[in-house]
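What follows is calculated from the coordinates using simple rules that are stated; it is not laboratory data. Given the structure is predicted, the values throughout are model-derived calculations rather than measurements. Please note: Cβ atoms are built from the backbone with ideal geometry, for glycine as well, and neighbour counts cover all protein chains shown.
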Amino acid sequence: MEKWWNKRYIDKRNWIFENFEKLNISLQEGLILLMIDYFNEFQLGLSLNILSEKCNVSIEEVDNIINALRTKGYLDFKVVNKKIRFTLDGLFDEEENSTYDTSSLYELFESELGKILTEKELSMINTWLKQYNVDEIIDALREALIYKKKDFNYIQKILITKKQESNNDQSSNI
């Protein structure tokens, strides 16, 4: 079974930012994690020298930070084809965060729209999930489909309009 953090709609770097305080890591540790994730995503070669240059810290400091992250269980590495391959699975492994258990929402969008979602559309849904609950998003999708509008901007307008109406109703009750 695919781990939640390896699904294509999860932005690991955003997750790291959102959980920075909970992870109890220093700014330098966070920067190293973000840099490693970036290099992994684009399958770029990575070494202590590169991390040292990119993060503007000495090689010794990078080595100490990597050891600290390994001790915390957030980072591991293997040597594959004479290259170091860093893995961040330990960073996400113990997190049982229901916020990221939204695969059925993405599947619903793909099913209803009859297509695979683009990265931009996945990102838009992720942004909505920070502002609206899943039911509100599904209602907006269904309303858009009733009017035969399969456009994400249209769905966004529905969400905004409903939020404004809700806020107006609340302020008129005061």
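Some observations on this one:
- Residues Y154, Y106, Y147 arranged by fewest to most Cβ contacts within 10 Å: Y147, Y154, Y106
- Extension gain, R85 to R70, is 4.0 nm, computed as 0.36 nm per intervening residue step minus the present C-alpha separation.
- Cross-link table K7/K120; K22/K72; K22/K130; K120/K148; K7/K82; K7/K115, entries beyond 24 Å C-alpha to C-alpha: K7/K82
- For the stretch 4-93: relative contact order, % (alpha-carbon pairs under 8 angstrom, 6 or more apart): 22
- Over the chain, dividing the summed -39,500 (n - 2.57) contributions of all DSSP H runs of at least 4 residues by the number of residues returns a 222 nm mean residue ellipticity of -19500 deg cm²/dmol.
- Axis of helix 134-146 versus longest Cα principal axis of the chain: the two differ by about 50°, to the nearest ten degrees.
- Cβ-Cβ FRET estimate between I146 and I116, R0 fixed at 25 Å, reported to 0.05: 0.65
- At R0 = 25 Å, FRET efficiency that the Cβ-Cβ distance of K54 and R8 yields, to 0.05: 0.45
- Gap separating the Cα centres of the stretch 38-58 and the stretch 13-34, nearest whole Å: 16
- Local charge for E121 was computed over the other residues whose Cβ lies under 12 Å away, with Lys and Arg +1 and Asp and Glu -1, and equals +1.
- In plain terms, the bigger the Kirkwood radius, the slower the diffusion; for the stretch 102-162, with that radius from Cα pairs, at 4 °C and 1.567 mPa s, Stokes-Einstein puts D at 114 µm²/s.
- Derived value for the stretch 4-93: Kirkwood hydrodynamic radius 13.3 Å. Basis is the mean of 1/r over every pair of different alpha-carbon atoms.
- Residues T87, T118, arranged from fewest to most other Cβ atoms within 10 angstrom of their Cβ, appear as T118, T87.
- Listed values [x] 59, 42, 27; [y] 76, 28, 27; [z] 52, 35, 29 include one computed from this model; for Cα extents along the principal axes in Å that value carries the label [x].
- Among 131-141, 76-86, the order from most to least packed when residues are scored by Cβ within 10 Å on average: 131-141, 76-86
- Low-density loop positions, GluC sites (Glu not before Pro), the stretch 1-88 - DSSP coil, at most 16 other Cβ in 10 Å: E2
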